[in-house]
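A.B. asks: Encoded as structure tokens, here's the structure I'll be asking about.
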Amino acid sequence: MALALPASYSGMLAEAQSKGQQAYDDFLKKAFEEYNSFRDKANKEYADFLENPWKEFQEKEAPIKQKDPTPPELVPFDDSEPEPEPQETPIEEVITPPKPEPQPQPVEPIPENPLVETYVTFTIWGTQMQVRWSDDLRFSLKGTDESKVASGWRTLSNSKYNNTIADLLKLRDQYKLDDWAYLTVIKTFSDKALGTDTNESMLLTAFAYCSSGYKMRLGQSSNKLYMLYASNHQLFAPAYYYTINGTKFYPFSKDQVKSMNISESQFPGEKSMSLQLTAIPKITPKVSKARQLTSKRYPDMDFTLSTDENVVSYFDNYPTSMLDNNQMTRWLMYANTPLSSTSKSVLYPALKEKLSGMSQYDAVSRILNWVQTAFVYEFDDKVWGGDRAFFGEETLHYPYCDCEDRAILFSRLVKDIVGLDAVLVFYPGHLASAVAFTETVNGDCIVMNGRRFTICDPTYVNAPVGRTMPSMDNSSAKVILIN
């Protein structure tokens, strides 16, 4: 990890640099000594605060996702029947993806000892990673009361653990880990170093996560230590949370604890986790078994493709969440996440070849019917025991999908292959898509900022572009934008 000084040093740094190399070197040495002493001071104060009595908090259940999908309908096509008069559906609300923020950073640079080259190796999502660690770094907690945890924090504050934190941060950069993936990697390493789900592993996880700039709290119940992470996103059930000073904190554990004693200690510069995904971590690919998917109306739209099983495994435990208590925002994370390089390398060239030279309408019509008819529809309750939205990669991977999964995949393909803007359109109980053609295309639509988006419903089986499912209450719709 590159060393960096805070912005407040920038003017003094430029002045020292103008005075020559020696003055510049002396200034850097003094500045980093001051900055390192700040980190030591912050850890000392944090450990001291941990010794104060922890307050009891009661858990609260996260909200339940609203029911959606609507079963597909088969259109009885009859060329002799006149097409229905196109309808424009009023827009009730537009949900915009938030601007991605920089990931949290340590309160100060983490100085390393380059002479230490003993590593712990572990595997996650089929990807082998390593972090500097040695047996002399092992420690033991004699309990989870305030004084014991504070003592453990002081142990971890020793500079001999710097290499471990620095290596974890390097993994975050190297593998382009989002915040959730990074926390999962920290816990996987800690379990390997100190034993799975031990109190020592949990404290190391919390220390590394906090040292990386993230907001977390420590709690204990029945002599077991827990780490709770803060997120600006609201997770859905079966997650639960504790509200501490107005902020929701979620236990990073599968245990459900009705009440917990939690330290309210804060660390300087701490930032909440983001669950917004804009890219897939650069984990080792694992090509799945090939799957054949064929359009019923356009037999030439026949593709044999594979997905990335390690990416699917990564998505499997990714939390479903929303922003600002708006359930519509939960699809933002799915719709704005690309397919894996494995899927794109097989599907995209084949799709582009099949659609080469076609009009926008013909190209979108073929993608639409392929998604409508090549995939088997099934309710999430039957397959998964409850509502579950898919990333595009998962829809390509699993044998069944529902309306939200089809709409997300279709919109992604239209943007990536045809190059047209697409949005998700939510009617009560159903999710469809709409495409902003730049050629003249008739049909049902929504109009946003003067642009006409024509309805395309990947669940309305065999329906052409511009046709709305008849059973929909389309007196108004909510629109979800895709980057």
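A.B. asks: State whether one or more residues within the range 182-195 are among the acidic types (Asp, Glu), surrounded by 20 or more Cβ atoms within 10 Å (Cβ to Cβ) and at pLDDT 95 or above.
C.D. replies: no
A.B. asks: Please pick out the residue among SER306, SER295, SER265, SER272 that is in contact with a Lys or Arg (Cβ under 8 Å, 6 or more places away or on another chain), of a type in the set (Ser, Thr, Tyr) and at pLDDT below 95.
C.D. replies: SER265
A.B. asks: Now, a different point. Tell me, yes or no, whether the range 276-286 has at least one residue that is at pLDDT 95 or above and not in a loop (DSSP other than H, G, I, E, B).
C.D. replies: Checked the range 276-286: no residue is at pLDDT 95 or above and not in a loop (DSSP other than H, G, I, E, B).
A.B. asks: Shifting gears a bit: Looking at ASP387, ASP405, ASP381, can you tell me which residue is buried (at least 19 other Cβ atoms within 10 Å of the Cβ) and either more than 23 Å from TYR298 (Cα to Cα) or of a type in the set (Phe, Trp, Tyr) (or both)?
C.D. replies: The unique qualifying residue is ASP387.
A.B. asks: Can you confirm whether the range 173-185 contains a residue that is closer than 22 Å to GLN266 by Cβ and not in a helix (DSSP H, G or I)?
C.D. replies: Scanning the range 173-185, I find no residue that is closer than 22 Å to GLN266 by Cβ and not in a helix (DSSP H, G or I), so the answer is no.
A.B. asks: Then there's this: Hey, among LYS148, LYS99, which residue is free of Cβ contacts under 8 Å to residues at least 60 places away in the same chain and outside any helix (DSSP H, G or I)?
C.D. replies: Result of the check over LYS148, LYS99: LYS99.
A.B. asks: Next question, about the same structure. Limited to the range 373-394, what total is found for residues that are of a type outside the set (Asp, Glu), out of contact with any Phe, Trp or Tyr (no Cβ under 7 Å at 6 or more places or on another chain) and in a helix (DSSP H, G or I)?
C.D. replies: So the answer is 5.
A.B. asks: Against the condition touching a strand residue (DSSP E or B) at 6+ places or on another chain (Cβ under 7 Å) and at pLDDT below 95, how does PRO114 come out, does it pass?
C.D. replies: Against the criterion (touching a strand residue (DSSP E or B) at 6+ places or on another chain (Cβ under 7 Å) and at pLDDT below 95), PRO114 does not qualify.
A.B. asks: Can I ask one more? Any chance you could count how many residues in the range 216-258 are more than 16 Å from ALA206 (Cα to Cα), touching a residue at least 40 places away in the same chain (Cβ under 8 Å) and assigned to a loop (DSSP other than H, G, I, E, B)?
C.D. replies: 10
A.B. asks: Take the residues in the range 289-317 that are of a type in the set (Asp, Glu) and closer than 22 Å to SER365 by Cβ; name whichever of them is surrounded by the most Cβ atoms within 10 Å (Cβ to Cβ).
C.D. replies: Taking the candidates together, the pick is ASP302.
A.B. asks: Restricted to the range 455-475, and to residues that are modelled with pLDDT of 90 or more and of a type in the set (Gly, Ala, Ser), which residue is farthest from ASP402 (Cα to Cα)?
C.D. replies: GLY466
A.B. asks: Okay, moving on. Which residue out of VAL383, VAL364 is in contact (Cβ under 8 Å) with a residue 24 or more places away in the chain and either touching a Lys or Arg at 6+ places or on another chain (Cβ under 7 Å) or not charged (D, E, K, R) (or both)?
C.D. replies: VAL364
A.B. asks: Which count do you get for residues in the range 451-465 that are within 32 Å of the chain's Cα centre (by Cα) and either in a loop (DSSP other than H, G, I, E, B) or not assigned by TED's automatic domain parsing to the domain that holds ALA363 (or both)?
C.D. replies: The total comes to 6.
A.B. asks: Is it the case that some residue within the range 35-57 is modelled with pLDDT under 85, over 32 Å from the mean Cα position of the chain (by Cα) and either exposed (fewer than 12 other Cβ atoms within 10 Å of the Cβ) or part of a strand (DSSP E or B) (or both)?
C.D. replies: The answer is yes; a qualifying residue exists.
The values are calculated or read from the model by the stated rules, or taken from the named source; none is laboratory data. If you're wondering where the values come from, they're calculated on a predicted model, not measured in any experiment. We place every Cβ from the backbone using ideal geometry, glycine too, and count neighbours over all the protein chains shown.
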